[in-house]
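Inspection log for the structure reproduced underneath, given as structure tokens.
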Amino acid sequence: MAASIGVASAQRRAPAEPNYDAFYELGPHSLVRRGVPKGKVVGPLTLPSAAFPGVDHDYWVYVPAQYDGKTDVSLMVFNDGATYMQPDGYYPAVNVLDNLIFRRELPLMIAASIDPGKFRADGKTNRQPEYDPVTDRYSRVVVGELLPKLYAEYRISRDPDRHGIAGWSSGAIA
């Protein structure tokens, strides 16, 4: 009689990759609400860059329905701008702004959404060179190029405490 000696090993499944979006749902402020006045989105507009020669930035401006141009308003800037201007997108900032401004949970504000630059010559993105280095170069786009356009067109407070900026991933680094 032959005996067999072997090693038994339990078979385990490899752990599944976590699905971080499994339980994420947009909250009520992210949805279009009946009775809430809708702001308008102007753009895309083109902003040629002196800080990055040969590069243009597309940008959009959200103007709340309550804006009358008579008093200074706050300012919010979104990097990777097109992402935030879609009312049915992943980051529906226009809906959030409409809802929270209407409820007076946010001050009246203009929001500028600026995309990373694209080279005029070939249309390639300049996102990483703009967003990732920890230098003042991209801030020159926002402060020296975008803000003067916005100040000329809208009554935006010059008080930096009434300005905000947001982004995700490399846009948050910027």
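The values are calculated or read from the model by the stated rules, or taken from the named source; none is laboratory data. Since we're looking at a predicted model, the values are computed, not measured. Accessible surface areas use protein heavy atoms only, side chains included; no ligands, DNA or RNA. Shrake-Rupley method; radii C 1.70, N 1.55, O 1.52, S 1.80 Å.
Compute the Rg to Rh ratio over region 74-116 from the alpha carbon atoms, using the Kirkwood formula for Rh, and round to two decimal places.
In region 74-116, Rg relative to Rh is 0.98.
Tell me, what is a quarter of the convex hull surface for the C-alpha atoms of region 16-174, in nm² with one decimal?
Details: hull surface 44.8 nm².
Directional mean of the projected Cα hull area for region 16-174 stands at 11.2 nm².
If you roll a 1.4 Å probe over the heavy atoms of the protein chains, what accessible area per residue do you get for region 79-169, in Å²?
Solvent-accessible surface per residue comes out at 56 Å².
Using only alpha carbon pairs under 8 Å that are at least six residues apart, calculate the relative contact order of region 28-139 and give it in whole percent.
Once normalised by length, the contact order is 30 percent.
Listed here are the pairs LYS40/LYS124; LYS40/LYS118; LYS124/LYS149; LYS40/LYS70; which of them are more than 22 Å apart at the Cα?
From the list (LYS40/LYS124; LYS40/LYS118; LYS124/LYS149; LYS40/LYS70), the Cα-Cα distance tops 22 Å for LYS40/LYS124; LYS40/LYS118; LYS124/LYS149.
I'd like the antiparallel share, as a percent to the nearest 5, of DSSP beta bridges with both residues in the chain.
About 55 percent, rounded to the nearest 5.
Using 0.36 nm times the number of residues separating LEU100 and ARG34, minus their current alpha carbon distance, what extension gain do you get? Walk me through the numbers before you get to the answer.
Values: separation 66, 0.36 × 66 = 23.76 nm, distance 1.35 nm.
Net length gain for the segment: 22.4 nm.
Roughly to the nearest percent, how much of the accessible area of region 122-174 is carbon and sulfur, given a 1.4 Å probe?
Looking at region 122-174 in its full context, I get 52 percent from C and S.
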